[in-house]
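Worksheet for the structure shown next.
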Amino acid sequence: MTLLPADRTPTVMNALNSSSPPMIEMESTTMQHIWGTFFLAVAVIAFSGDAAILASSLNRGAFQIKRPLVVVIQHLAACDILTAITTYLPIAIYFLGGQWRLKPLNCYITAFFSYCTSSLVSMIICFMAMSKLMMLKRPLSWFTRSLTKIRTHIICLLLWGFSLIAPLVSFFLEFDHISFDHRVGLCEFQLTNPVWNFILPPIYFAFFVLPDILLAISTVLLIVHLMDARKTSRQAG
């Protein structure tokens, strides 16, 4: 199986309507259908599983954890559902159909939300880890006491809005520079505008690097706290 160069054209219409070679050069379409079935299964499992989580979270007794964390899980599940619909499902349709069978508008949708959800997941998980750490180490702090269900929803909605910044900037700067990559079956913005030389590093740091750093620090501190608590309980017992 040999990968062929991606077909990159300046406009989405040319990219989708081009008679370029298929994504993968192979003796049969078996492997293409296997990948299509795989991504379809991922989309179905992600959608049904996260939908079940959202439905169960509406029952107060379903999750034996603090309500603010349940709210964070709800937003994380909603983000996964959006990823399944806008990313995994289009990939599956492309592999199973052998070509892009969706409308050109869907090309912009997949490119837009692939930027959005990838950063949003990192930020929501980071917020959840930091919240759990504060609840355990500082249960009487202002942050822990003030983190109600409504305020947690507000924080998560702010993260949703924050995650839209990069896709919106890409959409307005690169509206005529979106391409379809036949290797992965997705559309993407080409980032050809010179302004990216100045705004891409801080955007990448804010949306990906910083959340990962905070998540790593929070996880390490959480593990240390749990180990200390376990050691203290053994000594007391």
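Among residues of region 48-67 that are under 16 Å from Met128 (Cα atoms), those with a Cβ under 6 angstrom from a residue that is modelled with pLDDT of 80 or more and open to solvent by 60 Å² or more (accessible area, probe 1.4 Å), sequence gap 6+ or separate chain, pair up as Arg67/Lys149. Within region 88-106, the set of residues being open to solvent by less than 20 Å² (accessible area, probe 1.4 Å) and within 25 Å of Ser119 (Cα to Cα) comprises Pro90, Ile91, Ala92, Tyr94. Scanning for something within 24 Å of Gly97 (Cβ to Cβ), open to solvent by less than 50 Å² (accessible area, probe 1.4 Å), part of a helix (DSSP H, G or I) and among the small types (Gly, Ala, Ser), does region 71-82 turn up at least one residue? No: zero hits. Among the residues of region 46-58, is any at pLDDT below 95, over 23 Å from Ile109 (Cβ atoms), in contact with a helix residue (DSSP H, G or I) (Cβ under 6 Å, 6 or more places away or on another chain) and open to solvent by 50 Å² or more (accessible area, probe 1.4 Å)? Checked region 46-58: at least one residue is at pLDDT below 95, over 23 Å from Ile109 (Cβ atoms), in contact with a helix residue (DSSP H, G or I) (Cβ under 6 Å, 6 or more places away or on another chain) and open to solvent by 50 Å² or more (accessible area, probe 1.4 Å).
When region 107-120 is limited to residues that are crowded, with 18+ Cβ neighbours inside 10 Å and of a type in the set (A, V, I, L, M), the one that is nearest to Arg183 (Cα to Cα) turns out to be Ala111. On the basis of being of a type outside the set (Gly, Ala, Ser), farther than 21 Å from Ile65 by Cα and at pLDDT below 90, does Lys132 make the cut? When the stated conditions are applied, Lys132 does not pass them.
The combined condition, being under 22 Å from Lys137 (Cβ atoms), free of Cβ contacts under 8 Å to residues at least 60 places away in the same chain and within 19 Å of the chain's Cα centre (by Cα), is fulfilled by Leu210. Counting only helices (runs of 4 or more DSSP H) wholly contained in region 121-237, the ones carrying 1 or more residues that are hydroxyl-bearing (Ser, Thr, Tyr) and exposed (fewer than 14 other Cβ atoms within 10 Å of the Cβ) occupy 142-146, 196-204, 210-236.
Candidates Ile34, Ile24: the one that is of a type in the set (Val, Ile, Thr), modelled with pLDDT of 85 or more and either touching a strand residue (DSSP E or B) at 6+ places or on another chain (Cβ under 7 Å) or open to solvent by 50 Å² or more (accessible area, probe 1.4 Å) (or both) is Ile34. Taking the criterion of being among the hydrophobic types (A, V, I, L, M, F, W, C), out of contact with any Leu (no Cβ under 6 Å at 6 or more places or on another chain) and assigned to a helix (DSSP H, G or I), the residues of region 83-106 that qualify are Ala84, Ile85, Leu89, Ile91, Ile93, Phe95, Leu96, Leu105.
Among residues of region 81-107 that are closer than 24 Å to Ala51 by Cβ and among the aliphatic types (A, V, I, L, M), those with a beta-carbon under 9 Å from a residue that is assigned to a loop (DSSP other than H, G, I, E, B) and open to solvent by less than 40 Å² (accessible area, probe 1.4 Å) at least six positions away or on a different chain give the pairs Ile91/Gly185; Ala92/Gly185; Ile93/Trp100; Ile93/Gly185. Got at least one residue in region 190-213 being among the acidic types (Asp, Glu) and farther than 21 Å from Ile109 by Cα? Yes, region 190-213 contains a residue that is among the acidic types (Asp, Glu) and farther than 21 Å from Ile109 by Cα.
The values are calculated or read from the model by the stated rules, or taken from the named source; none is laboratory data. Remember, it's a predicted structure, so these values are computed and weren't measured experimentally. All Cβ positions, glycine included, derive from the backbone under ideal geometry; neighbour counts span all protein chains shown. When the accessible area is computed, the model is the full protein with side chains, heavy atoms only, and any ligands, DNA or RNA have been set aside. Shrake-Rupley method; radii C 1.70, N 1.55, O 1.52, S 1.80 Å.
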